[in-house]
Amino acid sequence: MISIQNISKRYGSSSGILAVDGISLEVGPGEVLGFLGPNGAGKSTTMKMVTGFLTPTSGTARVCGHDVVDDPVSVKASIGYLPEGAPNYPDMTPWSFLDFIAQVRGFSGAEKRRRIDSVVEKVQLRGVLRQPIDTLSKGFKRRVGLAQAMLHEPPVLILDEPTDGLDPNQKHEVRNVIRALASHPDRDQAGRAVVLSTHILEEVDAVCTRAVIIAKGKVLVDGTPAQLRAMSKYHNAVTITVVSPAGPGGEPASVAGELASIKWVGEIEDQGVRHVAPSAAGPGGPRQTCTLVPKGGRPLLAEVTSLCKARGWAVETIGVETGRLDDVFRDLTTRARSEGGAS
Amino acid sequence: MRGLLPVFRRELAGYFNTPVALVFIVIFLFLAGIFTFQIGEFYEAGQADLVRFFTFHPWLYLFLIPAVSMRVWAEERKTGTIELLLTLPVSLSAAVVGKFLAAWAFTALALALTFPLWVTVNYLGDPDNGVILAGYLGSLLMAGAFLAIGSCISAATKSQVIAFIVTVVLCLLFMLAGFRPVQAFVSGWLPLEALQVLAGFSFLARFESISKGVLDLRDVLFFASIIGVFVAATGVVVSMKKAV
């Protein structure tokens, strides 16, 4: 539905900043693509080009078969777009604002009213429809922006930092709306394509089916959130806490030292000893905690538990990590930065 | 020109959502009254016409029109709504023309509200209503030319203050192009033909003949082409500057 073909944007003259450097992407129906990257990576610029606000320096994008360079108005008609910061006219009321959007989108009469009603229901704006947008809270303003983007039930939705600056409850609500949009297509069975940019990684887990990380205007990774997490060195890492561990001869032992003997353990992060007084919850004594990072992301849990059993250790907690997205993010984007700095 | 009508309606309603409309109209009518009756000595002249009323319009517009035009694009750019507007299925020309027409319609409304003056002269005497109509038409055209210049300047900046000041200065230059001190100033280093062309750009001279009832097609075309050129230039400036 969205096909970005080797798109680039250079601001200013030929020596200006290259904000986007040859990005190519395909987004299909039913996909929720999370567009990740540090500030200044080129996320917003890419979105502004796909939505026809900025003209690409080279390359193009096609949305629902329309080329954004040749036929921007058709592209704009098939996209719902929430620009960064959800700008809207502060002097208007949500109702008059949505009425304006509906008119521009070519609706009139009963159809217009039906569309406004249904979108107002969806983002729960009913109570503030006649208040100037200026006087609304940030959360409501964002919902007005979302309503504006969804009003014509577009096959493609592009949302630039939809939850930025909202409180946790508002974030949760906005995510619910986005999820509902992708999974319950109003118009066609194929569903719609949603692209959202964010630098909040939990958001990727919460709503996205696919994640693309960009930095310095280039795509670094493109995969499912699970694939991304598998790139973390903590993928399949085991964190274990043992109560008063003893060695083979009954002497106090070092958990980290013993577990190091397991074949695929790479790094061990020893988190030290914590002394706990006896209580109703359990016996007192020292607790040792460590995290075992596997080589090549191999599963370690089976071997760790059998070793604990063999030693007769009382395991207080044990957990397997799926991987840390923020680790992957930091790793990839800082690497890109230092490489860029060296060249 | 898809989307022209909704843009026009939203813009026009926008003037009335804020005190801008009320303040503008009240001050316009108040100043028009002062100029006509106090400075123009409307009653003392004892003539049933509106020449004294129209004579001061260029000066009124010089300060009031930039106050209307300064927000047309500068505000959109400042609040970021320009991104919203230009990603709606509206062509750039529809957005530019719609906004200009809304501003023009607003000033036309303010101008129309001076109708009591027309009623008064008709009550007091027997004026030539054709001349008065020509005066209104000329005044409206001149307001449109000022607005077109102002919206072009407004598109070039995010700051409404800068838009206001630059527009006032530019409009003043256009007004006084044929004025003797200006002509004397440039006559030393401009050839005679250029001087005449420059004099031809004088809003004051062209408006004066219209307001006296001489509705020359050339004067009408002059204002119409000033409007056309600057509205087109607004489109160019908007598309050039929107990224910054």
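FYI, it's all coordinate maths here, none of it is from the lab. Because the structure is a prediction, the values reported are computed rather than measured. Because the Cβ atoms are built from the backbone with ideal geometry, glycine has one as well, and the counts that use them run over all protein chains shown.
Using Cα pairs closer than 8 Å and at least 6 residues apart in sequence, work out the relative contact order for chain A, in percent.
With pairs under 8 Å counted, the relative contact order is 18 percent.
Dimensions of chain B along principal axes (Cα, Å, largest first)?
Projected onto its principal axes, the Cα set of chain B covers 57, 48, 30 Å.
Let me make sure I get this right: for chain A, a, b and c are the square roots of the gyration tensor eigenvalues over alpha carbons, sorted descending. Under 1.5 in a/c it's rounded, otherwise prolate if a/b > b/c, else oblate. Which is it? Display every interim value, and only then the final one.
Numbers: a/c = 2.93, a/b = 1.91, b/c = 1.54.
Prolate shape, in that a/c is at least 1.5 and a/b is the bigger ratio.
Would you tell me the mean number of C-beta atoms belonging to other protein chains that fall within 10 Å of each C-beta in A:47-60, as a whole number?
Partner-chain Cβ atoms within 10 Å, mean over residues of A:47-60: 2.
Which residue fluctuates most in the GNM of chain A (Cα springs below 10 Å): A:GLY165, A:GLY109, A:GLY223?
Among A:GLY165, A:GLY109, A:GLY223, the largest mean-square fluctuation in the Gaussian network model of chain A belongs to A:GLY109.
Please check: in the Gaussian network model of chain B (C-alpha springs, under 10 Å), which one of B:GLY130, B:GLY228, B:GLY138 has the largest mean-square fluctuation.
Greatest mean-square fluctuation among the candidates belongs to B:GLY130.
If amide hydrogens are placed 1.01 Å from N in the peptide plane, which non-local residues have theirs closer than 5 Å to the one on A:LEU220?
The list, which skips near neighbours in sequence, is A:ILE213, A:ILE214, A:ALA215.
Out of the DSSP beta bridges found with both residues in the protein assembly as shown, what percent are antiparallel (nearest 5)?
Taking every DSSP beta bridge with both residues in the protein assembly as shown, the antiparallel ones total about 70 percent.
Which of A:LEU151, A:LEU36, A:LEU300 moves most in a GNM of chain A, Cα contacts under 10 Å?
Residue with maximal mean-square fluctuation among A:LEU151, A:LEU36, A:LEU300: A:LEU300.
Students often get this wrong: which residues of the range B:189-216 have the backbone nitrogen under 19 Å from the point 7 angstrom along Cα-to-C-beta of B:TRP59?
Answer for this model: B:202-212.
For the range B:9-23, take each phi angle, set θ = phi - 60°, evaluate the Karplus expression 6.51 cos²θ - 1.76 cosθ + 1.60, and give the result in whole Hz per residue in order, putting x for glycine and proline.
5, 5, 4, 5, 4, x, 5, 8, 6, 10, x, 3, 4, 4, 4
With an 8 Å cut-off on Cα pairs and a minimum separation of 6 or more residues, tell me the relative contact order of the range B:6-147 in percent. Walk me through the numbers before you get to the answer.
Working: 94 pairs, mean separation 56.6, N = 142.
Once normalised by length, the contact order is 40 percent.
Quick one: net charge of B:ALA205's neighbours, Cβ under 12 Å, K/R +1, D/E -1?
Here the count lands on +1.
What distance in nm separates the two pseudo spin-label positions at B:ASN129 and B:LEU172, each 7 Å out from Cα along the beta-carbon direction?
Using points 7 Å along Cα→Cβ, the separation is 4.0 nm.
Mind checking the full-extension length gain between B:SER209 and B:ALA232? Use 0.36 nm per residue of separation minus the Cα-Cα distance, one decimal, nm.
Gain on extension, B:SER209 to B:ALA232, equals 5.6 nm.
What is the average number of partner chain Cβ atoms found within 10 Å of a Cβ in A:102-115?
Average neighbour count from other chains, rounded to a whole number: 2.
Which lysines, if any, have their Cα less than 27 Å from the Cα of A:LYS233, not counting same-chain residues under 8 positions apart?
Result set, ordered by chain and number: A:LYS43, A:LYS216, A:LYS218, A:LYS263, A:LYS295, A:LYS309.
For the range A:85-106, list residues with backbone N below 20 Å from a point placed 7 Å from the Cα of A:SER137 toward its Cβ?
Label zone hits: A:85-88, A:90, A:93-95.
Determine the sum of side-chain charges near A:ALA302: Lys and Arg each +1, Asp and Glu each -1, restricted to other residues whose C-beta is under 15 angstrom from that of A:ALA302.
Net charge around A:ALA302: +2.
For the range B:28-44, what does the Karplus curve 6.51 cos²θ - 1.76 cosθ + 1.60, with θ = phi - 60°, yield as ³J(HN,Hα) per residue in whole Hz, taken in order and with x for Gly and Pro?
4, 5, 4, 5, 4, x, 4, 4, 5, 8, 7, 7, x, 6, 4, 6, 4
Mind giving me the FRET efficiency for A:SER279 and A:TRP95? R0 is 51 Å, r the Cβ-Cβ distance, nearest 0.05 is fine.
Values: r = 60 Å, r/R0 = 1.17.
Computed FRET efficiency for A:SER279 and A:TRP95: 0.30.
Taking 7 Å along the Cα-to-C-beta vector as the label spot, tell me the B:LEU22-B:GLU193 distance in nanometres, rounded to one decimal.
5.6
For the pair A:ASP167 and A:GLN271, what calculated FRET efficiency results from E = 1/(1 + (r/R0)^6), where r is the Cβ-Cβ distance and R0 = 30 Å, to the nearest 0.05?
It comes to 0.40.
Helix-derived [θ] at 222 nm for chain A: sum -39500 (n - 2.57) over DSSP H runs of at least 4, divide by residue count, nearest 500? Display every interim value, and only then the final one.
Numbers: 11 runs with 117 residues, N = 343.
Result for chain A: -10000 deg cm²/dmol, rounded to the nearest 500.
For each pair in A:LYS76/A:LYS112; A:LYS171/B:LYS241; A:LYS48/B:LYS99, compute the distance between the two Cα atoms and list the pairs where it is over 28 Å. Write down the numbers at each step before the final one.
Values: A:LYS76/A:LYS112 19 Å; A:LYS171/B:LYS241 33 Å; A:LYS48/B:LYS99 23 Å.
As for pairs spanning more than 28 Å Cα to Cα, those are A:LYS171/B:LYS241.
Please average, across the residues of B:1-10, the number of beta carbons from any other chain that are within 10 Å of each residue's own beta carbon, and give a whole number.
Mean number of neighbouring Cβ atoms from other chains: 4.
Rounded to the nearest 500, what is chain B's calculated 222 nm mean residue ellipticity when only DSSP H runs of at least 4 contribute -39500 (n - 2.57) each, over all residues?
Helix-only estimate at 222 nm: -24500 deg cm²/dmol.
Pop the C-beta distance of A:ASN39 and A:LEU129 into the FRET formula with R0 = 41 Å and round what comes out to the nearest 0.05.
0.75
So, in nm, how far is label A:SER254 from label A:ARG179 when the simple model puts each one 7 Å beyond its Cα toward the Cβ?
Distance between the two pseudo-spin positions: 4.5 nm.
Given the Cα-Cα distance of B:PHE201 and B:GLN38 and 0.36 nm per residue of separation, how much length would full extension add, in nm?
55.7 nm is the gain from fully extending B:PHE201 to B:GLN38.
Quick one: divide the alpha-carbon radius of gyration of the range B:26-88 by 2.2 N^0.38 Å and tell me what you get.
With N residues counted in the range B:26-88, Rg over 2.2 N^0.38 Å equals 1.73.
Whole-Hz Karplus ³J(HN,Hα) for the range B:136-153, in order, using 6.51 cos²θ - 1.76 cosθ + 1.60 and θ = phi - 60°, x for Gly and Pro?
Calculated HN-Hα couplings, in order: 4, 4, x, 5, 5, 5, 5, 4, x, 5, 4, 5, 5, 4, x, 6, 5, 5 Hz.
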